[in-house]
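The values are calculated or read from the model by the stated rules, or taken from the named source; none is laboratory data. Owing to the predicted nature of the structure, the values given are computational and were not obtained by experimental measurement. We place every Cβ from the backbone using ideal geometry, glycine too, and count neighbours over all the protein chains shown.
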Amino acid sequence: MALFTEIYRNGKHVWLDLRRLSEEQWCIDPFSTSVRHLLGDRYGARQRPVRVAPAAHHTMGGVKITDNCETSIPGLFAAGEVTGGLHGANRVSGNALSETLVFGARAGNSAADWARGRTDGSSQACLQQLSERWPSKGSAKFTGADLQEGLRKIMWQDGGIVRNQEGLLRALGTVSEIHDQVVRLSSECESQDLTNALELRSATRVATFILNGALQRRESRGAHFREDFPEQDDERWRGHLQVHVDACGEDVWYFEPEQPAV
């Protein structure tokens, strides 16, 4: 939070000075040992200060799954950083690989068990569903680089490290505008353009979930910081915000309090 404020709001640089570290300190744990060559040698951190900035590491929310990595959609299984709820409000660095090994295996085995003997799916059926959800008339060419960059920028500025109501509402408005532009695109685009448009359309939906979740959670917890609600509020917000899309296509939000340990 301090890095973000200093760099992106105050317009200043932040420097990290590692010149006094001894060889023993560089090798104090596996992580620092692994970055010794990159920081110390490639970027010259042993001879001079290096400029640093915050970066996106892990999205704490994601798809809700069962112990066997099932989602609410039959035949769709998920694992890894696309899922949510496993780590709580924050995640210890380095847990991603072990999580991938454990839940990746579960998801693969579950998907194989589900798919064994099924013959009710086909590529043509998937294409038919896609064409039904995508307009046949509209722009024939997708030039979405500016839209993609706009989405990244607004999510970093107003939906990233430091959040507040004004910024989140502003970001929601921008994301909605980007989504509307993508929806008007035609399914008659070239294949790569259509793929890019589909990805951006999905990205705007995910961005909307992130922003609405951050807007509703009026507290600060773990990786979520609201400068207008800087304190953690266990009485009201100890638990998970969840959302699903109902039969009419509307987003339905609800809060699931944390269950007491047995």
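One residue alone among Leu241, Leu194, Leu169 is aliphatic (A, V, I, L, M), surrounded by 15 or more Cβ atoms within 10 Å (Cβ to Cβ) and part of a helix (DSSP H, G or I), and that residue is Leu194.
Of all residues in segment 231-262, those that are touching a residue at least 24 places away in the same chain (Cβ under 8 Å) and aliphatic (A, V, I, L, M) total 2. You will find that of Arg51, Arg20, Arg46, the residue that is closer than 30 Å to Arg221 by Cα and either modelled with pLDDT of 90 or more or β-branched (Val, Ile, Thr) (or both) is Arg51 and no other. The set of residues in segment 8-38 that are outside any helix (DSSP H, G or I) and in contact with a helix residue (DSSP H, G or I) (Cβ under 6 Å, 6 or more places away or on another chain) comprises Lys12, Val14, Cys27. Thr5 satisfies every condition listed in (1) in contact (Cβ under 8 Å) with a residue 12 or more places away in the chain; (2) part of a loop (DSSP other than H, G, I, E, B) except (2).
Annotation note: of Thr174, Thr208, Thr204, the sole residue that is under 20 Å from His58 (Cβ atoms) and not basic (Lys, Arg) is Thr208. Scan segment 64-83 for residues that are surrounded by 17 or more Cβ atoms within 10 Å (Cβ to Cβ) and touching a strand residue (DSSP E or B) at 6+ places or on another chain (Cβ under 9 Å) and report the count. So the answer is 7. A single member of Leu21, Leu38, Leu86 is more than 19 Å from the chain's Cα centre (by Cα) and surrounded by 11 or more Cβ atoms within 10 Å (Cβ to Cβ), and it is Leu21.
Can we say Glu256 is within 19 Å of His179 (Cα to Cα), in the same structural domain as Gln181 (by TED's automatic domain parsing) and loosely packed, with under 12 Cβ neighbours inside 10 Å? Against the criterion (within 19 Å of His179 (Cα to Cα), in the same structural domain as Gln181 (by TED's automatic domain parsing) and loosely packed, with under 12 Cβ neighbours inside 10 Å), Glu256 does not qualify.
Taking (1) touching a residue at least 24 places away in the same chain (Cβ under 8 Å); (2) assigned to a loop (DSSP other than H, G, I, E, B); (3) over 19 Å from the mean Cα position of the chain (by Cα) in turn, Gly44 satisfies each apart from (1). Pairs meeting the criteria (first residue in segment 170-186 and under 16 Å from Leu198 (Cα atoms) and modelled with pLDDT under 95, second residue surrounded by fewer than 17 Cβ atoms within 10 Å (Cβ to Cβ) and among the polar types (S, T, N, Q), beta carbons under 7 Å, at least 6 apart or on different chains) are Arg184/Ser139; Leu185/Ser139; Ser186/Ser136; Ser186/Ser139.
Within segment 1-12, the set of residues being surrounded by 11 or more Cβ atoms within 10 Å (Cβ to Cβ), over 30 Å from Gly80 (Cα atoms) and not hydroxyl-bearing (Ser, Thr, Tyr) comprises Glu6, Ile7.
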